[in-house]
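The block underneath contains the structure these notes are about, expressed in structure tokens.
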Amino acid sequence: MSNATPTIPAISAGSVTTTSFDETELARICQVLEIKTRRSLEAASSELERELQVRERCYKGWVADGKLSRIDATDRFNRLTVATLIFKKLLDMWPDPEDSEDKDGTVPF
């Protein structure tokens, strides 16, 4: 596991900026989200990525049809992008059980 504090994008005034979280804060995120295994984190991350692809396709049409404003579409897409990136950073920090002495994949923090 790297000693560097990961940088995680966050929304600020409608644009993506960066925020840093340390391992204690990331462990708290895992606890709050009840993420106990790497596999559950991978599944959630995969679902977020799938949802981003769906929204990218749908939002274009909804904005063109006037069902959703461009600002709302951008804000919603950015928030989901941030959630996806947070989960990816959590995965990056979570040691792969195959590379670790602890093979059960439970929360390493």
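The values are calculated or read from the model by the stated rules, or taken from the named source; none is laboratory data. Remember, it's a predicted structure, so these values are computed and weren't measured experimentally. Cβ: placed from backbone, ideal geometry, glycine included. Neighbour counts: every protein chain shown.
Look at Lys88 and say whether it is out of contact with any strand residue (DSSP E or B) (no Cβ under 6 Å at 6 or more places or on another chain) and either within 17 Å of Arg28 (Cα to Cα) or buried (at least 16 other Cβ atoms within 10 Å of the Cβ) (or both). Yes, satisfied. Count of the stretch 35-48 residues, restricted to those that are loosely packed, with under 13 Cβ neighbours inside 10 Å and farther than 15 Å from Trp94 by Cβ, is 1. Looking across the stretch 59-74, the residues that are out of contact with any Ser or Thr (no Cβ under 9 Å at 6 or more places or on another chain) and part of a helix (DSSP H, G or I) come down to Lys60, Gly61, Trp62, Ala64, Arg70, Ile71, Asp72, Ala73, Thr74.
In the set (1) touching a Ser or Thr at 6+ places or on another chain (Cβ under 8 Å); (2) at pLDDT 90 or above, the condition left unmet by Phe87 is number (2).
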